[in-house]
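The values are calculated or read from the model by the stated rules, or taken from the named source; none is laboratory data. Because the structure is a prediction, the values reported are computed rather than measured. Here the Cβ is made from the backbone with ideal geometry for all residues, glycine too, and neighbour counts use every protein chain on show. Areas reflect the complete protein model, heavy atoms only, side chains present, ligands, DNA and RNA absent. Shrake-Rupley method; radii C 1.70, N 1.55, O 1.52, S 1.80 Å.
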Amino acid sequence: MAWLWWLGGALVLGVVEMLTVDLIFLMFAGGALAAMLMAVLGAPVWAQILVFSVVSIVLLFGVRPWAKRALDRSTPDSLTNVAAHVGREATVLIDVTDRAGRVKLLGEVWTARAAGHGTVLPAGTTVRVVRIDGAIAVVEPVPTTPYG
């Protein structure tokens with residue numbers, strides 16, 4: 001009957017791993033599965049706990065670093081929050097100067113200012129976000145191509 005407890009523990013650890021995606025709880029789940037195998041084979045509880053501990057430690061320090069590097073290499077970097085707006089295009093709603101203005105960025109109205117001093121970007125101009133300073137989008141004009 002002890003094998004059911006180890007299986008339940010492995011499943012719970014697997015669910016926690018899905019929420020954290022840090023490969024720590026997955027290593028403990030592997031230890032729990034090894035202990036479950038020992039329980040199925042009829043090993044005493046102390047041996048099951050010993051196997052759980054040893055296998056978990058080996059997986060944690062032997063397999064996890066390699067698996068974490070492989071996971072990081074295969075996962076694309078994606079910018080989030082404010083950093084995701086840098087490089088996006090916006091439309092000027094109220095003339096943008098190096099002090100003030102308004103742009104429409106992804107359907108939202110942002111306070112904006114021009115990246116270049118003395119620059120005035122009239123309403124209707126398409127601009128690109130250079131950086132975000134607090135809640136202000138710093139923008140520059142999008143270069144126009146001669147062929148439209």
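Computed across the range 23-67, the Kirkwood hydrodynamic radius from all distinct Cα-Cα pairs reaches 10.3 Å.
Ranking VAL63, VAL54 from most to least accessible surface, computed with a 1.4 Å probe over the protein chains only, gives VAL54, VAL63. Surface calculation, 1.4 Å probe, protein heavy atoms: TRP3 sits at approximately 100 Å² accessible. Against the chain, whose longest principal axis comes from its Cα atoms, helix 64-74 is set at around 30 degrees. Ranked by solvent-accessible area (1.4 Å probe, protein heavy atoms only, all chains present), the residues VAL82, VAL120 order from largest to smallest as VAL120, VAL82. In order along the range 8-21, phi translates into HN-Hα couplings of x, x, 5, 5, 4, 5, x, 5, 4, 4, 5, 7, 9, 6 Hz, rounded to whole numbers, per the Karplus curve 6.51 cos²θ - 1.76 cosθ + 1.60 with θ = phi - 60° and x for Gly and Pro. Between VAL130 and ASP72, the contour length at 0.36 nm per residue exceeds the Cα-Cα span by 18.1 nm. In the list (1) 59, 14, 12; (2) 32, 18, 12; (3) 27, 16, 14, the label attached to semi-axes √(5λ) of the Cα gyration tensor in Å as derived from the coordinates here is (1). Given +1 at the Cβ of Lys and Arg, -1 at the Cβ of Asp and Glu and no other charges, the dipole of the range 91-132 around its Cα centre is 80 debye to the nearest 20. Taking trypsin sites (Lys or Arg not before Pro) in DSSP loop states with no more than 14 other Cβ atoms inside 10 Å as exposed sites, the chain has its longest site-free stretch at 1-87.
Rounded to the nearest 500, the 222 nm mean residue ellipticity of the chain from helices alone is -13500 deg cm²/dmol, with -39,500 (n - 2.57) taken per DSSP H run of at least 4 residues. Surface exposure of the range 1-93, expressed per residue as accessible area with a 1.4 Å probe, stands at 67 Å². For the range 67-148, relative contact order (Cα pairs under 8 Å, six or more residues apart, normalised by length) works out to 26 percent. Surface composition of the range 20-148: carbon and sulfur make up 64 percent of the accessible area, probe 1.4 Å.
Rolling a 1.4 Å probe over the protein chains gives THR119 an accessible area of about 40 Å².
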